[in-house]
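One structure is given here, and the rest of the page talks about it.
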Amino acid sequence: DGSRWKIVPGVQTVNSSSRIAACKIIQGTVFRVGYIAASSTLSIAVTGPNPVDFAAGGKMLFANLTKDAKIKIYTIDGMEIISLSADSAGRAEFDGKNADGKLIARGLYLYSIKNTAGELKTGKFIVK
């Protein structure tokens, strides 16, 4: 809608030695290159979108994490679906697939985010 900046989905690459950042964009798109650093705390961690539609190719983004954060996704009855790790920018994406590579079903899911400092953040999301 032009009123918000959005992170380009998919793979972004950065070559520090040659100072080149690359990503795939749509022709005619206005874009801006910026640096996103990992947070020093989980208190400002965010997730979204919620609800998410994995069947339509949606992805759940975990952002503003510490670079050492570990994310675990669970069913509502506590069964672990998958474990993810934050990247050096404090981000992780969940594509809706379990550890076996199968798309999870619609419903309510829980997540926990924990870092090496012992901080813990929990939440829930809906898969539509």
Checklist outcome for this item: Given backbone amide H placed at 1.01 Å from N, residues whose amide H is under 5 Å from that of residue 81, ignoring those fewer than 5 places away on the same chain, are 73, 74, 75
Next on the checklist: If R₀ is 35 angstrom, what is the calculated FRET efficiency for the pair residue 119 and residue 17, using the beta carbon separation as r and rounding to 0.05?
Outcome noted: 0.60
Checklist entry - What is the range 46-128's relative contact order, in percent, from Cα pairs under 8 angstrom and six or more apart in sequence? => result 32 percent
Checklist entry - ³J(HN,Hα) across the range 81-92 via Karplus (A = 6.51, B = -1.76, C = 1.60, θ = phi - 60°), whole Hz, x for Gly/Pro? => result 9, 6, 10, 10, 10, 5, 7, 5, 8, x, 10, 8
Item to check | aspartates and glutamates with Cα under 13 Å of residue 114, excluding same-chain neighbours fewer than 8 positions away | outcome: 68
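We did not get these values from a lab; they are worked out from the coordinates using the rules stated. Everything numeric in this text was worked out from a predicted model, so none of it was measured. Note that each Cβ is placed from the backbone with ideal geometry, even for glycine, and that neighbours are counted across all protein chains shown.
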